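The values are calculated or read from the model by the stated rules, or taken from the named source; none is laboratory data. This is a predicted model, so every value here is computed, not measured. Note that we place each Cβ from the backbone using ideal geometry, even for glycine, and neighbour counts take in every protein chain shown. With ligands, DNA and RNA removed, areas are computed over all heavy atoms of the protein, side chains included. Shrake-Rupley method; radii C 1.70, N 1.55, O 1.52, S 1.80 Å.
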Protein chains: 4
Amino acid sequence: MANKLSEARAELSLANRIVANEGIIDAFGHVSMRHPDNPKRYLLSRSRAPELVTPDDFIEYDLESQPLRDPGVGQYSERVIHGEIYKTRPEVNSVCHHHCPAFMPLLATGTDYVPIFHLGAVGGIRPPFWDQHDEFGDTNMLVVKPEEGASLARALGKHWMVLMKRHGVTVAGTSVKDCVFRCVFSARNAEYQVRSMAIGSNVASLSPGETQLAGQISAKTTGLTRSWEYWSMRVANKGGAAPAAKRSSPARAKSSKKPKRRPAGKARRR
Amino acid sequence: MANKLSEARAELSLANRIVANEGIIDAFGHVSMRHPDNPKRYLLSRSRAPELVTPDDFIEYDLESQPLRDPGVGQYSERVIHGEIYKTRPEVNSVCHHHCPAFMPLLATGTDYVPIFHLGAVGGIRPPFWDQHDEFGDTNMLVVKPEEGASLARALGKHWMVLMKRHGVTVAGTSVKDCVFRCVFSARNAEYQVRSMAIGSNVASLSPGETQLAGQISAKTTGLTRSWEYWSMRVANKGGAAPAAKRSSPARAKSSKKPKRRPAGKARRR
Amino acid sequence: MANKLSEARAELSLANRIVANEGIIDAFGHVSMRHPDNPKRYLLSRSRAPELVTPDDFIEYDLESQPLRDPGVGQYSERVIHGEIYKTRPEVNSVCHHHCPAFMPLLATGTDYVPIFHLGAVGGIRPPFWDQHDEFGDTNMLVVKPEEGASLARALGKHWMVLMKRHGVTVAGTSVKDCVFRCVFSARNAEYQVRSMAIGSNVASLSPGETQLAGQISAKTTGLTRSWEYWSMRVANKGGAAPAAKRSSPARAKSSKKPKRRPAGKARRR
Amino acid sequence: MANKLSEARAELSLANRIVANEGIIDAFGHVSMRHPDNPKRYLLSRSRAPELVTPDDFIEYDLESQPLRDPGVGQYSERVIHGEIYKTRPEVNSVCHHHCPAFMPLLATGTDYVPIFHLGAVGGIRPPFWDQHDEFGDTNMLVVKPEEGASLARALGKHWMVLMKRHGVTVAGTSVKDCVFRCVFSARNAEYQVRSMAIGSNVASLSPGETQLAGQISAKTTGLTRSWEYWSMRVANKGGAAPAAKRSSPARAKSSKKPKRRPAGKARRR
């Protein structure tokens, strides 16, 4: 079990670095995974940019997005995005929240995302929009309260992607690799879709049948393996000093004492 | 002969890395070459991103896109793109299939590619379009079946480029260097053409006479040599860890026993 | 005190490198800070590109933008931009002047900057414009004279950003980190806003309430810390030869003799 | 004298690498300088991408663009661009020919270049266009014949830049540094101008008075020095293997025997 958890942490750490390296995430955003041994838990890094996340940075959360142990470090304030989706979607094992530039024009103009090339099928046809203001009025637009995360999860429904107006995107996947694959190729598709719209009003997209079939490319071909190898190598080749792994790492379970639960609404730390 | 094959593998490996480094190809796409010693064979890498391809990765195929020996590794499912073109075009000795972002707006809007600067002549004037849906209805849009590859080769005709709607592009060349030159400069041209269209409806292009003459720049000047040197140096300067060359390399011919032929339709591996 | 000054120089040097590395500044532009020990002084580098600035490069200025000591090196001719803002805005402790490409379309078309995603709130809603020609007619468009800097500071008013038509942008912050945070995320927002306008005329923005609340994300969450760590690591990973620190460094105060004051109008050195 | 020539070669080599590194030039394009000791000569590299040019690569040409000595290596076929301008413009000491992507939309749509920010003044207001087809009909669009270069020089006139339709740009400068400064900032301006036009039809530009004054920033401020230091450091930081300096270097004058003059029209080598 420990070995499986160890591998899971390594994969999730790499996933965070991949989405940063592929231009999906900058300082803000995060990738989580459902705990490999317990579907009522998920793993999410402490508060740091995904590009810097190491296997030691992960905090174990319950689905209320409360840490199992006092991590002793800053946490992402938007972690309810992850917990609420894990609650409603048993088949989802990984979630990514990002502010990828490619999506911004779609979000700002309320333009539906449509797959315009086969790999863009991973985002589906016209995934749902969500706007925090609709239910919650003026906020600082961070999805912090459980009810805000629950609202977002409702908007996501059975889809793989929800477009958060004036904010960013949240993507769900059946595994970490699947989630990353969807993040990257939906972002590419969004980029191409926006560029196409700038030169023509009639933008061809995949049919529903094609979307359904092409959406399975990652599951049914070596495409996922090949991409993961490619993206991993690009992260490795980027080089650079490894970020400090042990500094302020979340405290490991030395005692079984749980921390006093802080209502998510109070602790507005990111 | 062995030396010629060895040089061919080195050049083809470098070609794969060049098209990746110049932004033409990412995780998906491939560059092949007709076998230097046998026009009924061609060389194509095992299934991995072109940026990672090494000389040991190449599999020898017949023109039905069947491997001569069981490679023991994943193969590109879209290899029929290459085989079918080698069948119909005796003068073509290299083929590249890619999803270059620069072309996506042209593909999505059905806009003809036209050379707008002299080096864009390599793509020709208004190269043909092809849409898998026309003949095959809803598919996952990968060109996997021999009849799909044959359809694409028919669309390519005598041209050097075919634009695959909602998918990508396939480029043919008289040599590996010629193919790469066409890939890079048609992509640059596509980029410029799209940017131009965003600011003006009247985009000047080369005349047919100019296209024909300028299209010979790579053959008749030191332009090809200069570009190849430049691109090679950029690949060399990129550095980074060399990808694992021997891991899962296609098995070399130790026995002359051919593998049982799998119908390309069945083995939907990429 | 010396330690505080030493830390301040290190932070300001890193800030200069961050804004260069994040694409906000190229050869031209600068980041300054109010002196940590004396509100009537500020620190600004000698004339060199921000990417190359080291802690030894800083010159101490009074608020008339006169150097306390003869620096013996070239100075930024546009330093009055900084001094005049420090005069009028006691709560501002850092100023950045840049020509970030993302803003150019807004400047050239006189389009108001509006936050279109939550982090863009840092620029405010419709920050003021300023055009040197209005008060000063034909000039070389460098803000060199005290009256030109004063005019710009008046236009900035109580805002955090002023858009300088046909020139660039000046950003104010309560600290160096706050100033950098505003620079980076307003630039990202400007980029997204321009891209959105290219595909739709109705671009959704934050409400005034959201802008006010989201504008506090950096002050009230770990977002600023996380971003700073991220940007610092990216600068560190960039590597490369450290620029010459001691060459032509501004002379340290060995004597208390002040240099003869040169009217800023005369010394048109950058 | 030898020392001055040695320094000139070093500066020109660095200039070639700078324009490549700043995105102005890729495989094609070149930067030359008038010989520091003889106004009837100029220095231009043998045929290789500017990013790879070393001080040993320069060939000495007369103003008819004939090499003083047989270089024994491939030469740029478009060198008459340089020679013809050196003939007609005594104050010009450096010329750059490039295909910078930023200009392509202006060239393709016949849109005048206008300075939209102060540093764009280096290109002037509405620099002239030139189209090879006007005088020469269908060609391969390389400027190879003396009469083609002379035609281009006539179009340049007293300007600092000429826009070559469906081809690229040629820039003149009073020195190598001045020429590079003009190349870089006119390219930035072109980029901004095109992006601005995509969102608004009314693009503000500099007045003639501002253009004239701002056009002197490089000559009258430390801006040129600062930029050159910045660009040089970026080239140095790029690292990578130095390209082979001695391989096929142009032969140095060991004998005074001049090569048989080949009419520029015949030797269509690049």
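In the complete set of protein chains, residue-level accessible area for A:E191 is approximately 50 Å², probe 1.4 angstrom. Chain B and chain D together bury an accessible surface of about 3200 square angstrom, both sides counted, with a 1.4 Å probe and no ligands or nucleic acids included. The HN-Hα couplings worked out from phi for region A:76-88 by the Karplus form 6.51 cos²θ - 1.76 cosθ + 1.60 (θ = phi - 60°) are 5, 6, 8, 5, 4, 3, 6, x, 5, 6, 4, 5, 8 Hz, whole numbers, x standing for Gly and Pro. Could you state the angle between the C-alpha long axis of helix B:176-197 and the longest principal axis of the C-alpha atoms of chain B, as a value from 0 to 90 degrees rounded to the nearest 10? It works out to around 40 degrees. With respect to chain D, whose longest principal axis is taken over its alpha-carbon atoms, helix D:223-238 is tilted by about 60°. How many angstrom lie between the Cα centre of region B:174-210 and the Cα centre of region A:19-68? Computed from Cα coordinates, the inter-centre distance equals 44 Å. For B:I59, the residues whose amide H sits under 5 Å from its own are B:L44, B:S45, B:R46, ignoring neighbours fewer than 5 places away on the same chain, with H placed 1.01 Å from N.
Taking θ as phi - 60° and the Karplus parameters 6.51, -1.76 and 1.60, the scalar couplings of region B:92-98 work out to 8, 10, 7, 9, 10, 10, 8 Hz in sequence order, x denoting glycine and proline. Counting only protein heavy atoms and using a 1.4 Å probe, the accessible area of B:K40 comes to about 130 Å².
Within the listed set A:R48, A:R188, A:R234, the residue fluctuating most in the Gaussian network model of chain A (springs between alpha-carbon atoms under 10 angstrom) is A:R234. Of B:K238/D:K165; C:K177/D:K177; A:K87/A:K177; A:K145/C:K238, which ones are farther than 27 Å apart at the Cα? Table pairs above 27 Å Cα-Cα are B:K238/D:K165; C:K177/D:K177; A:K145/C:K238. Using R0 = 35 Å, the C-beta based FRET efficiency linking A:N202 and B:R154 works out to 0.85.
Kindly identify region A:170-215 as rounded, prolate or oblate by the Cα gyration tensor criterion: order the square roots of the eigenvalues as a ≥ b ≥ c, call it rounded if a/c is under 1.5, otherwise compare a/b with b/c, prolate if a/b is larger, else oblate. Note, shape of region A:170-215 comes out oblate. Computed log10 I(q)/I(0) for region A:24-80 at 0.21, 0.22, 0.30, 0.31 Å⁻¹: -0.76, -0.83, -1.39, -1.44, from the Debye equation with unit scatterers placed on every C-alpha and solvent omitted. Computed with a 1.4 Å probe over protein heavy atoms only, the accessible surface of chain D comes to 36 Å² per residue. What does the C-alpha gyration tensor say about the overall shape of region D:75-223? Classify as rounded when a/c is under 1.5, otherwise prolate if a/b is larger than b/c, or oblate. Oblate is the answer for region D:75-223, as a/c is 1.5 or above yet b/c matches or exceeds a/b. Sorted from closest to farthest, the other copies place their B:K238 label points 1.6, 1.6, 2.2 nm away, with each point set 7 Å from Cα along Cα→Cβ. Taking a ≥ b ≥ c as the square roots of the eigenvalues of the Cα gyration tensor, region D:90-141 is classed as oblate, since a/c reaches at least 1.5 and a/b does not exceed b/c. Element breakdown for region B:125-202 at a 1.4 angstrom probe: carbon and sulfur atoms account for 46% of the accessible area.
When the Cα atoms of the protein assembly as shown are aligned to their principal axes, the ranges along those axes come out at 82, 82, 48 Å in descending order.
Per atom type, region C:25-84 shows carbon and sulfur on 42% of its accessible surface, probed at 1.4 Å. Under a 5 Å amide H cut-off, with hydrogens placed 1.01 Å from N, B:T222 pairs with D:R270 among residues at least 5 apart or on other chains. Put simply, the convex hull of the Cα atoms in chain C casts, on average, a shadow of 14.6 nm². The rotation axis that maps chain B onto chain A passes nearest to the beta carbon of this chain B residue, listed with its distance in whole angstrom: B:A198, 3. Remark on region A:152-194: accessible area falls by at least 40 square angstrom from chain-alone to full-complex state for A:R166, A:Y192, probe 1.4 angstrom. Comparing B:D138, B:D56, B:D26 in a Gaussian network model of chain B, where Cα atoms under 10 Å apart are tied by springs, the biggest mean-square fluctuation is seen for B:D138. Mind listing, in residue-number order, the residues in region B:104-118 that have at least 30 Å² less accessible area with every protein chain present than in their own chain alone (1.4 Å probe)? By number: B:M104, B:P105, B:A108, B:T109, B:I116, B:F117, B:H118. Partner aspartates and glutamates whose Cα lies under 17 Å from the Cα of A:K220, excluding those fewer than 8 positions away in the same chain, are identified as A:D178, A:E210, A:E229, B:E78, B:D138. For the protein assembly as shown, give me the percentage of DSSP beta bridges that are antiparallel, rounded to the nearest 5 percent. Rounded to the nearest five, the antiparallel share is 90 percent. Assuming R0 = 56 Å, what is the FRET efficiency of C:L5 and A:D138, from their Cβ-Cβ distance, to the nearest 0.05? The formula returns an efficiency of 0.85 here. Considering only DSSP beta bridges with both partners in region A:15-147, what is the antiparallel share in %, to the nearest 5? Here the share of antiparallel DSSP bridges comes out near 100 percent. Note on D:D112 and D:Q216: with the Förster distance fixed at 25 Å, the Cβ-Cβ geometry gives a FRET efficiency of about 0.70.
Summary for D:P208: label point 7 Å along Cα→Cβ; distances to the equivalent points in the other copies, ascending, 4.6, 4.6, 6.4 nm. In chain B, the calculated helix contribution to ellipticity at 222 nm averages -11000 deg cm²/dmol per residue, counting -39,500 (n - 2.57) for every DSSP H run with n ≥ 4. When A:N3 is represented by a point 7 angstrom out along its Cα-to-C-beta vector, the spacings to that point in the other copies are 5.0, 5.0, 7.1 nm, nearest first.
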